[in-house]
Amino acid sequence: MEKLILKLKEEIIEVLNLQDVKPADIDENAALFGEGLGLDSIDALELIVLMEKNYGIKLKDPAQGKEIFKSVRVLAEYIAENRTK
Amino acid sequence: MTNSIYINTIKQISVQQPLSDEWFDAPVQYADNYVRAIDPDYKQYFTPNEARRLGKILKRALLVSREAMKDSGVANPDAIITGTGLGCIENTEIFLDKLVREGEELLNPTHFMQSTHNTISSLVAIDAKCHNYNTTYAHKGISFECALQDAFLQMSLPPTPSTRGGVKTALVGAHDEMTPAYFTLLQKGEYLGRENQVFAGETAVAMMLSTEKTENAYCKIEAVEKVYGGLRVKPAMTDNQPDYIMVGTNGVAENDNVYFENCAKLFSNVPLLQYKNVFGESYTAPALGVYAAALCLKKGKIPDFLILDTRHKTQDTRPLRNILCYNHFENKNHTFVLLSNV
């Protein structure tokens with residue numbers, strides 16, 4: 001799980017172009033949206049694309065996103081359970 | 001009665017020193033046929049969170065616009081009008097590239113959203129929280145002049161009920177980036193990179209126009225005119241002789257000869273100035289021509305490297321009163337901007 005969390009942090013930094021942010025700067029238990037990293041709705045779309053592209057996970061219900069994108073750890077757990085690649 | 005219109009502030013990021021008039025005394029010279037703009041250190045101007053979604057052209061446009069607004073003391077202009085030949089071409093390329101590579105699936109939203117021409121003007125408005133008139137002109141080589149003419153015409157008119165008090169201040173922008181891939185395409189199309197042609201450059205210019213002159217105003221805009229179709233119609237503003245004509249010569253004979261022939265036809269022995277030798281060629285380069293002419297008027301002098309006809313170098317002691325900026329695009333669209341000192 002820790003390996004996946006690190007990989008996910010690196011992917012998030014790259015896809016969201018989080019300049020000057022290093023994986024260690026991201027608290028895997030902190031909120032991704034609002035507080036914490038302060039991501040917004042466009043970032044949510046980018047994360048949906050990332051999940052499908054890199055892990056083969058297609059979010060059918062957009063409402064799921066609210067729960068899945070709670071933190072990097074929650075996202076990593078969801079990916080570990082549902083990934084197809 | 002029509003209003004007087006002044007250019008109070010101009011800010012630029014180009015192949016010359018960014019956000020500076022330093023080029024006027026010491027222009028950067030290039031031997032290459034394709035030169036990217038000199039970007040300032042954006043970390044000084046944007047937070048990482050602000051900058052992360054902005055491509056090159058958006059950073060440049062936002063920065064020159066912010067600086068022009070700050071310098072002029074106009075935080076909320078009555079109009080934001082932008083000219084761009086190619087729009088956000090870098091983001092468009094990324095978006096199209098992914099579209100092809102990934103079989104039209106899984107496209108990143110950011111590049112798609114920021115790949116349109118009007119992204120630039122709207123981003124400037126969102127940043128300034130400005131809900132006033134906002135328009136983009138994407139008309140290849142005359143995009144800037146279209147934007148300038150829109151502002152000029154709206155500002156010339158006195159307020160009427162339909163104009164809700166009229167346009168008294170307008171932020172006019174001209175923005176174009178040049179990617180390596182697009183340069184290659186334009187080179188194949190013989191628009192850029194030809195033998196003896198000036199280098200291909202990039203443009204980011206923002207100027208604040210106002211009906212009120214500020215202490216540091218650059219110049220007054222006397223007239224803006226566009227003529228379509230090989231200059232068969234004589235522009236009204238050419239009835240009087242200007243002191244100088246700033247033309248868009250670029251080293252290609254068929255382009256430059258249009259200027260030489262038309263200037264000889266319209267005027268008698270008015271010395272010609274150039275600017276593309278300093279700023280390069282791009283669809284919105286004429287904005288840099290207007291900037292160069294405006295700076296000459298503000299300083300009351302013309303550097304030798306802008307003077308085309310060597311006979312006039314250093315010998316012209318007449319006081320500088322006005323400069324006509326004349327550009328054409330493929331000898332179809334001819335544009336004229338007459339500037340005078342203040």
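The values are calculated or read from the model by the stated rules, or taken from the named source; none is laboratory data. Just so you know, these numbers come straight off a predicted model, no measurement behind them. Neighbour counts run over all protein chains shown; Cβ positions are idealised from the backbone, glycine included. Areas reflect the complete protein model, heavy atoms only, side chains present, ligands, DNA and RNA absent. Shrake-Rupley method; radii C 1.70, N 1.55, O 1.52, S 1.80 Å.
Of note:
- In this structure the amide hydrogen of A:Asp27, modeled in the peptide plane, comes within under 5 Å of no amide hydrogen from residues 5 or more places off or on another chain.
- Springs join every pair of Cα atoms under 10 Å in this Gaussian network model of chain B, and among B:Val290, B:Val172, B:Val252 the largest mean-square fluctuation is at B:Val252.
- Alpha-carbon Rg with Dmax, taken over the protein assembly as shown, Å: 24.7, 81
- Computed from phi, the 3J(HN,Hα) profile of region B:92-105 under the Karplus parametrisation 6.51, -1.76, 1.60 (θ = phi - 60°) reads 4, 5, 4, 4, 5, 4, 5, 4, 6, 5, 9, x, 6, 10 Hz, with x in place of Gly and Pro.
- Once the gyration tensor of the Cα atoms in region A:1-73 is diagonalised, the equivalent ellipsoid follows with semi-axes of 18, 14, 12 Å, ordered largest first.
- Computed over region B:146-226: relative contact order in percent, which uses C-alpha pairs under 8 Å that are six or more apart: 35 percent
- Loop-resident sites, region A:1-73, for trypsin sites (Lys or Arg not before Pro), counting at most 13 other Cβ within 10 Å (DSSP): A:Lys58, A:Lys60
- For region B:219-340: rounded, prolate or oblate by the Cα gyration tensor [a/c cutoff 1.5]: rounded
- Under 5 Å between amide hydrogens, built in the peptide plane, is the criterion, and for B:Tyr34 it picks out B:Ala200 among residues at least 5 positions away or on other chains.
- Over the residues of chain A, the helix contribution to mean residue ellipticity at 222 nm works out to -16000 deg cm²/dmol, using -39500 (n - 2.57) for each DSSP H run of at least 4.
- Whole-Å distance, taken between Cα centres, linking region B:189-217 and region B:247-263: 17 Å
- For B:Ser65, net neighbour charge (Lys/Arg +1, Asp/Glu -1) across residues whose Cβ lies under 9 Å away: 0
- Under Karplus coefficients 6.51, -1.76 and 1.60, residue-wise ³J(HN,Hα) of region B:249-266 in Hz, glycine/proline x: 5, 9, x, 8, 4, 5, 6, 5, 4, 4, 5, 4, 5, 5, 5, 5, 6, 8
- Calculated Rg and Dmax of region A:12-54 using C-alpha coordinates, Å: 10.3, 27
- Region B:108-151, accessible surface, carbon-and-sulfur percent (1.4 angstrom probe): 59 percent
- From the C-alpha gyration tensor of region B:1-141, square roots of 5λ in Å: 28, 21, 16
- Near B:Ile94, once Lys and Arg are set to +1 and Asp and Glu to -1 for all other residues with Cβ below 13 Å from its Cβ, the sum equals -1.
- Annotation: amide H of B:Cys325 within the under-5 Å range of B:Met246, B:Val337, B:Leu338, B:Leu339, sequence separation 5 or more or interchain, hydrogens built in the peptide plane.
- Restricting region B:89-136 to GluC sites (Glu not before Pro) in coil, as DSSP defines it, with at most 16 other Cβ within 10 Å: B:Glu102, B:Glu104, B:Glu105
- Percent accessible area from carbon and sulfur atoms, region A:2-82, protein chains only, probe 1.4 Å: 53 percent
- A straight line joining the Cα centroids of region A:1-16 and region B:315-342 runs 56 Å.
- Dipole check for chain B: with +1 at the C-beta of Lys and Arg, -1 at the C-beta of Asp and Glu, and the Cα centre as origin, the magnitude is about 680 Debye.
- Distance between region B:1-27 and region B:33-61 - C-alpha centres, whole angstrom: 19 Å
- Computed from the Kirkwood radius of its Cα pairs, the Stokes-Einstein diffusion coefficient for chain B at 4 °C and 1.567 mPa s stands at 64 µm²/s.
- Ranking A:Ile42, B:Ile38, B:Ile10 from most to least accessible surface, computed with a 1.4 Å probe over the protein chains only, gives B:Ile38, A:Ile42, B:Ile10.
- Sparse packing (at most 10 other Cβ atoms within 10 Å of the Cβ) combined with a DSSP loop state is found for the following GluC sites (Glu not before Pro) in region B:173-204: B:Glu190, B:Glu195.
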